[in-house]
1. For a quick check of your reading of the model, give me the residue pairs whose first member lies in the stretch 273-292 and is away from ligand 2 (no atom under 16 Å from the Cβ), whose second is not in a strand (DSSP E or B) and not small (Gly, Ala, Ser), with beta-carbon atoms closer than 6 Å and at least 6 apart or on different chains.
2. Suppose the filter is buried (at least 21 other Cβ atoms within 10 Å of the Cβ) and either acidic (Asp, Glu) or closer than 30 Å to Gly260 by Cα (or both); does Val198 pass it?
3. Looking only at the stretch 361-399, how many residues end up being touching an Asp or Glu at 6+ places or on another chain (Cβ under 7 Å) and aliphatic (A, V, I, L, M)?
4. Since Ala209 meets every condition but one in (1) outside any helix (DSSP H, G or I); (2) surrounded by fewer than 24 Cβ atoms within 10 Å (Cβ to Cβ); (3) in contact with an Asp or Glu (Cβ under 8 Å, 6 or more places away or on another chain), which condition does it not meet?
5. Looking at the stretch 330-421, what strands (runs of 3 or more DSSP E) fall wholly within it and have at least 2 residues that are touching a strand residue (DSSP E or B) at 6+ places or on another chain (Cβ under 7 Å) and closer than 20 Å to Gly221 by Cβ?
6. Where residues in the stretch 122-154 are away from ligand 2 (no atom under 16 Å from the Cβ) and in a strand (DSSP E or B), which of them is farthest from Glu71 (Cα to Cα)?
7. Any idea which residue in the stretch 174-195 is nearest to ligand 2 (Cβ to nearest atom), counting only those that are aliphatic (A, V, I, L, M) and crowded, with 23+ Cβ neighbours inside 10 Å?
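The values are calculated or read from the model by the stated rules, or taken from the named source; none is laboratory data. Everything numeric in this text was worked out from a predicted model, so none of it was measured. Neighbour counts run over all protein chains shown; Cβ positions are idealised from the backbone, glycine included.
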Amino acid sequence: MKVLVVGSGGREHALCWAIAASPLCSRLYCAPGNAGIARDAECVPIAADDIAGIVNFCNDEAIDFVVVGPEGPLVAGLVDRLAEAGIMAFGPRADAAVLEGSKGFTKDLCARYGIPTAAYGRFADAASAKAFVREKGAPIVVKADGLAAGKGVIMAETEEQALSAIDEIFGGKFGAAGAEVVIEEWMIGEEASFFALVDGEHALALATAQDHKRAFDGDTGPNTGGMGAYSPAPVMTQAMIDAVMDRIINPTVAAMHREGREFRGVLFAGLMITDKGPQLIEYNVRFGDPECQVLMMRLKSDILPALIAAADGQLANFDLRWRDEPALTVVVAANGYPGDYKKGTVIGGLDEAGKDGVQVFHAGTAMKDGKVVATGGRVLAVTALGKTIAEAREKAYEAVDRIDWPDGFCRRDIGWRAIGR
Ligand code: AMP
Ligand code: GLY
């Protein structure tokens, strides 16, 4: 079958790498892809948010199946438009992608169906939001309702910070994403990323992972899209996984079904493991990046039939096999990320790095004059398996050290929490 992957990040490279290995896939395209993806798929210069362009391409090339990587096109209705054109796709329709597209929607859903999450208030004007902050006090978490590329969450340690965050959001800092504000209790615990494939009615738990959101070592510095990850997350014991499926994932799938917003695709729960048990921080409606990179490294089964089964309502009797070995990925980013950074700098040593089973997944890269150059903030995800997380980490950092890119940096402590256990 002919498959199109939509997106251009490390997540999409990992998906292309896994799908390219499927005997079911006769031809693989990626829109728009990057320099690394070009090794596994034919890249086509169509932006991930160019919905009409993607639908036209699928019609022209008779694409059988589309896998959508990022949330933007999902929330904007790409899967709906593809369905109208008779093209099957992996990912939720817009009415279900609202689980990521509106934090307020998700909080209300949790409240209606008793799904454990932080206490909250939802506000459409600054005055009532501020009154709520004054009533609850700090620390408190202030969030823009809509998609804000991971930047719409302000962890306010003081009341003043919370009040000024409210002004910023209603002042238009996040555009339309800030038309509403969600204010939450600040939960304490260890975070984990939990993924399940969902076919509308059934959920199949995937492996667990832990991300590193802060830019610098010791979990300091600004929040990023994610600077590294490992799988499995030791905090996610089988009992914890069962609790998450029973209390969070399955009730959400059933609730969405009841609400007439059937969810198909991958449900990514950001969890806080608190002393009251697992609590939902937020949902995403796509794979995590860089969590996807470690999941694909550990997946033994063919991913493509699983994605098709999710799209097709056929997950009930499905199973996936995973390697016992943990995987760890280190993100290499452009100096300055998540702030301003230079583009177009040359990256060397990539072939040297990607040997002995190490996979160097590309994110913001392009080919220029026969050389790989950096074009984005997060640029590479250097991913290794090991007998232990410590061994995977050692292999990943050895590979990172073979990369010649003075304009990049990485965290040196990915995996510290798991290794410290
Ligand atoms: P989100 O974009 O909603 O996942 O939030 C980004 C990050 O902010 C999360 O990964 C958590 O580290 C943190 N966070 C968000 N909401 C809360 C909360 N209610 N309590 C504690 N931490 C939170
Ligand atoms: N790594 C977190 C995310 O993809 O949202």
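1. What qualifies is Ile273/Val235; Thr274/Met187; Pro278/Val244; Gln279/Pro116; Gln279/Met187.
2. Working: buried (at least 21 other Cβ atoms within 10 Å of the Cβ): yes; either acidic (Asp, Glu) or closer than 30 Å to Gly260 by Cα (or both): yes.
When the stated conditions are applied, Val198 passes them.
3. The number of residues fulfilling the criteria is 2.
4. Ala209 satisfies every listed condition except (2).
5. Numbers: elements: 359-362, 365-368, 371-374, 378-385.
Result: 378-385.
6. First, the residues of the stretch 122-154 that are away from ligand 2 (no atom under 16 Å from the Cβ): 122-142, 145, 154.
After this cut, where a residue has to be in a strand (DSSP E or B) as well, the list is 122-123, 140-142, 154.
On the way: Arg122: 22, Phe123: 24, Ile140: 26, Val141: 23, Val142: 21, Ile154: 21 Å.
In this case the residue turns out to be Ile140.
7. From the stretch 174-195, those aliphatic (A, V, I, L, M) are 176-177, 179, 181-183, 187-188, 192; that's our starting set.
Adding the requirement that they be crowded, with 23+ Cβ neighbours inside 10 Å leaves 181-183, 192.
Details: Val181: 20, Val182: 17, Ile183: 21, Ala192: 12 Å.
Among those that are aliphatic (A, V, I, L, M) and crowded, with 23+ Cβ neighbours inside 10 Å, it is Ala192.
Per-residue answers, yes or no, for (1) modelled with pLDDT of 95 or more; (2) in contact with a Leu (Cβ under 9 Å, 6 or more places away or on another chain); (3) on the phi > 0 side of the Ramachandran plot:
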{"residue": "Val133", "(1), (2), (3)": "no, yes, no"}
{"residue": "Ala148", "(1), (2), (3)": "no, no, no"}
{"residue": "Lys151", "(1), (2), (3)": "no, no, no"}
{"residue": "Phe170", "(1), (2), (3)": "no, no, no"}
{"residue": "Phe195", "(1), (2), (3)": "yes, yes, no"}
{"residue": "Leu204", "(1), (2), (3)": "yes, yes, no"}
